[in-house]
1. Kindly indicate whether any position in the stretch 123-143 is farther than 26 Å from Ser14 by Cβ, near the ligand (Cβ under 8 Å from one of its atoms), out of contact with any strand residue (DSSP E or B) (no Cβ under 7 Å at 6 or more places or on another chain) and part of a helix (DSSP H, G or I).
2. Is there a residue in the stretch 97-105 that is away from the ligand (no atom under 14 Å from the Cβ) and assigned to a helix (DSSP H, G or I)?
3. Filter the stretch 58-73 down to residues that are surrounded by fewer than 15 Cβ atoms within 10 Å (Cβ to Cβ), closer than 18 Å to His114 by Cα and not hydroxyl-bearing (Ser, Thr, Tyr), then give me how many there are.
4. Which of the helices (runs of 4 or more DSSP H) contained wholly in the stretch 1-57 include at least 1 residues that are open to solvent by 70 Å² or more (accessible area, probe 1.4 Å) and among the small types (Gly, Ala, Ser)?
5. Picking from Leu32, Leu54, Leu64, which residue would you name as being under 28 Å from Phe6 (Cβ atoms) and out of contact with any Gly (no Cβ under 7 Å at 6 or more places or on another chain)?
6. Looking at Ala89, is it over 13 Å from Asp48 (Cα atoms), surrounded by 19 or more Cβ atoms within 10 Å (Cβ to Cβ) and within 12 Å of the ligand (Cβ to nearest atom)?
Amino acid sequence: MQAASFFEWLTTSSWANAMNGPEWAFPVVESLHFIGFAFSIGTIAIIDLRLLGLAMRDHTAAELAADLNRWTLAGFALMLITGPLMFSADAVRYHVNPSFQFKMICLLVAFLFHFTIHRKVTQAEISPFAAKLAGGLSLALWTAVIAGGRMIAFV
Ligand code: HEM
């Protein structure tokens with residue numbers, strides 16, 4: 001199946017019909033998308049501010065990560081359910097949207113960074129410079145994902 005026909009098929013799927021049915025469906029799912037990003041990126045930002053030495057200095061990054069990790073994963077789960085649902089509602093338009101494409105590339109890099117380097121950095125004893133670098137890169141990557149997501153509707 002060619003990519004174009006896959007996105008056409010997705011736009012006529014039962015998920016897309018549900019998303020394009022009642023007026024409240026898309027805004028409710030988009031609100032859940034927002035809540036998911038608040039939980040996932042909000043908890044990551046707390047750890048990154050600690051890595052940057054700007055907040056929560058009475059806790060180690062490892063302690064914060066241990067406490068917040070389940071909320072980060074819950075937020076990611078909500079994003080990975082609501083995002084594709086919204087995408088299916090108008091896949092033909094979204095998949096050619098440059099801001100959506102930018103966001104998906106940043107999202108892939110941000111996920112890879114989060115589950116490899118960022119996870120290692122929060123667990124290990126590392127130099128303050130390396131901690132700041134990791135915290136700053138993480139914040140920059142997730143900011144790019146959010147900006148890409150926000151700009152989808154304007155591009
Ligand atoms: C952690 C991962 C993610 C984050 C932080 C994120 C963040 C955002 C943000 C901030 C918006 C703008 C919401 C608004 O302006 O109301 C957005 C919109 C959107 N996201 Fe995500 N997103 C994520 C994952 C995904 C995934 C995996 C998909 C689909 C495969 C997706 C599809 C969309 C779509 C289609 C919109 C545009 C809705 C519209 O037309 O306004 N997102 N996202």
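The values are calculated or read from the model by the stated rules, or taken from the named source; none is laboratory data. Here the structure is a predicted model, which means the values were calculated and not measured. Heads up, the Cβs are rebuilt from the backbone with ideal geometry, glycines too, and the neighbour counts pull from every protein chain shown. The protein model used for the area step is the full one, side chains on, heavy atoms only, and it has no ligands, DNA or RNA in it. Shrake-Rupley method; radii C 1.70, N 1.55, O 1.52, S 1.80 Å.
1. Yes: the stretch 123-143 contains one or more residues that are farther than 26 Å from Ser14 by Cβ, near the ligand (Cβ under 8 Å from one of its atoms), out of contact with any strand residue (DSSP E or B) (no Cβ under 7 Å at 6 or more places or on another chain) and part of a helix (DSSP H, G or I).
2. No, there is no match, as no residue in the stretch 97-105 is away from the ligand (no atom under 14 Å from the Cβ) and assigned to a helix (DSSP H, G or I).
3. 5
4. 14-19
5. When all the criteria are applied, what remains is Leu32.
6. yes
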